[in-house]
Amino acid sequence: MLDSVWIGGLLTLLPWVLLADRVGERIVLAIGLGVSSAALVGASHAGAFGWLLVLLGVAGAAGASVNAASGRAVMYWFPAAERGLALGVRQTAIPLGGFVSALTLPALGLRHGLVFLAALCAAGALFGAAVIHDPEGAEDVLEPRRLADTLRDGRLWLLCSGSGLYLVAQLALTGFVVLFLYDERGFSRVHAALVLAGVQVLAAALRIGAGRWSDVVGSRIGPLRLVGVLSSVTLALVAVLVDAPAPVLVAALVVAGGLAMAWNGLSFTAAAELAGRARSGAALGMQQTALAGTGAVVPPVFAAVVAASSWRIAFALAAAFPLAGVQLLRRLPAR
């Protein structure tokens, strides 16, 4: 079920980017989130698991319009000296949504929870249609032919690969922390979800802080490498503490989860700036597609590792991936 949303986005991210280049962010956001809302309403009434998977996949495919459009808009609206902070703020949308969901969905249940998510998407569609304005007279408007230039950029492939390795730790924690605490440690659904909410609060603060820090030091890659090291170390600590007293374990999970989510804004800003404004939309679409590919693989593999061994081993293995990502990113200049 976790896979379905990622697979949907994997198939549509680049088409959404190219559509945004043609018709602008406003139309893309309104259409995408509107279709996502309708698919979530349908999913809330799905009578079989197969239909639930299909409709969630459609919701993910349509909702990918947000990733394609909003990051590209930031590239045009903000100068380089403010772009890290701006994209860091933009990326707080993910932990903010996770925070709201963690507080509300356990009480709502599956059907009402999906309807609630559909209402949020519908509100986003209306807001995008009413408020988002395409920049007037923007230079370097992206042309579809520039996608081929982007795909040949080895620096972007390194960044996408390194970021995909970072994503393993993020998915291991945000995707499975509630299940781990509920099944393995005996937490209630509500208490387990509150831990996830704590992760999201810290992640939002770290994304903004990391973005501002990268603006001050004039580097995206340097801070991105440091975040990867810290993510790996703290997730390894979680693996050591899986049987620790609950307060100690919760503190470790919140810190590791926050750091595992802190890199996204830095990575997206770096991708857009490596490509340049003229190819920023294509670069972000390429990166998001690469991340969606990782997201489609990790959940079932991580779950299989847990089933075949233990939570401790699964978390320990996941902790190795950000370090591998750091090694790839060392091949990029720090500035």
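What to note about this one:
- The fraction of all Cα pairs in the range 228-330 landing in successive 5 Å bins from 0 to the largest distance is 2, 12, 16, 21, 19, 12, 8, 5, 3, 1, 0, given as whole percents.
- For the chain, the Cβ-based charge dipole about the Cα centre amounts to some 420 debye (Lys, Arg positive; Asp, Glu negative; other atoms uncharged).
- Between VAL297 and HIS112, the FRET efficiency from the beta-carbon distance, with R0 = 25 Å, is close to 0.20.
- Extension gain (nm, one decimal) between ALA129 and LEU179, 0.36 nm per residue minus Cα-Cα: 14.3 nm
- Sequentially through the range 306-315, phi angles give Karplus couplings (6.51, -1.76, 1.60; θ = phi - 60°) of 4, 5, 7, 9, 6, 4, 4, 5, 4, 5 Hz, Gly and Pro residues having no value and appearing as x.
- The chain: mean projected area of Cα convex hull, nm²: 15.6 nm²
- Eigen-decomposition of the gyration tensor built on the alpha-carbon atoms of the range 189-239 gives equivalent ellipsoid semi-axes of 26, 15, 5 angstrom, largest listed first.
- 10 Å Cβ shell holding at most 11 others, DSSP loop, GluC sites (Glu not before Pro): longest site-free stretch of the chain: 140-335
- Looking at the range 1-105, the pairs of alpha carbons with a distance over 16 Å make up 63% of the total.
Every read-out reported here was derived from the displayed coordinates using simple, explicitly stated rules and does not represent laboratory data. Keep in mind that what you see is a predicted model, and the values were worked out from it rather than measured. So basically every Cβ, Gly included, is an ideal-geometry build from the backbone, and we count neighbours across all protein chains shown.
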